[in-house]
Amino acid sequence: MKNEPFFQRQDGRFLPTPACRGPWNPQSLHGRVIVGLLGHVLEAEHGEPDFIPARLTVDMYRLPDFSPVEVTTTVVRAGKRIKVVDAEFISGGVSMGRASCQFLRRTANPEGTVWTPGNWDVPAPADIPPPEDKRTGMGGMWAMRRITGDFGEVGVKRTWMSEVRELVENEPLTPFTRVAVAADFASPFANAGDKGLAYINSDVTVYLHRLPATEWVGFEVVNHGASDGVAVGECFLYDEQGPIGSAACTALAQVMKR
């Protein structure tokens with residue numbers, strides 16, 4: 001049976017389905033679908049084969065409810081080598097988030113050798129047994145293959161993630177959409193500790209030097225820091241062929257209502 005998509009199209013708007021529900025409030029959307037939908041629309045309306053969406057930054061300043069969503073876009077700069085496009089996430093007629101995407105023209109790498117981190121030598125997703133709980137990933141919001149570490153552990157954390165549903169009904173996931181939907185995971189993965197997750201991220205930035213060639217996106221926590229209730233977290237991103245970029249976030253200490 002096909003999994004329920006996150007959004008359905010209706011009269012030029014996007015209708016959130018129950019699959020969009022987030023962890024902080026049962027009446028609000030998950031950050032991953034906000035980032036994913038903004039990236040999806042930016043690529044669909046402004047992507048070109050000769051350009052790669054090399055940077056996507058999303059600010060999330062309100063938690064949207066399940067009202068119909070509109071996404072509007074504005075071209076800031078359309079040059080021969082660089083294109084910058086902004087987008088706005090409007091839920092129930094109110095602006096809830098915004099994005100900026102930088103598209104860079106594909107060319108050839110210059111000559112010479114530049115230092116890069118070592119190879120990510122980890123098991124492939126197919127070589128890792130699936131978890132006993134088939135609903136892993138917020139009750140089945142995504143599929144996961146743990147490599148090293150978990151949310152309740154302090155230490156190196158690595159995992160594979162794959163999408164299990166369409167972002168928008170009957171619209172296949174593109175490689176960029178896969179990364180955009182997954183990118184919000186950098187915050188809980190980097191910012192959760194031995195007392196659980198107590199930070200809610202207010203933004204996500206994805207940097208890509210290439211798009212993923214496979215369905216699985218790998219996350220490796222490489223940074224977490226926090227002072228005065230403000231945290232930053234960062235993960236390197238991979239596909240099954242190697243590194244593709246990174247995802248970073250800022251987050252605020254979150255006090256859960258009881």
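Results, tabulated for the structure shown:
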| quantity | calculated |
| --- | --- |
| The chain, relative contact order in percent, only Cα pairs under 8 angstrom and at least six apart counted | 19 |
| The chain: radius of gyration and largest Cα-Cα distance (Dmax), Å | 17.8, 58 |
| Proximal charge balance of K195 [Cβ under 15 Å; K/R count +1, D/E count -1] | -3 |
| Virtual spin-label span in nm between A124 and R210, 7 Å along Cα→Cβ | 1.6 |
| Around C249: net Lys/Arg minus Asp/Glu count, Cβ-Cβ under 9 Å | -3 |
| Net charge of Cβ neighbours under 14 Å - reference N119; Lys, Arg +1; Asp, Glu -1 | -3 |
| The range 83-137: chymotrypsin sites (Phe, Trp or Tyr not before Pro) in DSSP coil with no more than 11 other Cβ atoms inside 10 Å | W115 |
| Ordering of 71-82, 56-67 by burial proxy (mean other Cβ atoms within 10 Å per residue, highest first) | 56-67, 71-82 |
| Ordering of 40-49, 171-180 by packing [mean C-beta count within 10 Å, highest first] | 171-180, 40-49 |
| Cα-derived Rg over Rh, computed across the range 20-172 with Rh taken as Kirkwood radius | 1.02 |
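Every number here is computed from the coordinates shown, using simple stated rules; none is lab data. These figures come from a predicted structure and were not determined experimentally. Please note: Cβ atoms are built from the backbone with ideal geometry, for glycine as well, and neighbour counts cover all protein chains shown.
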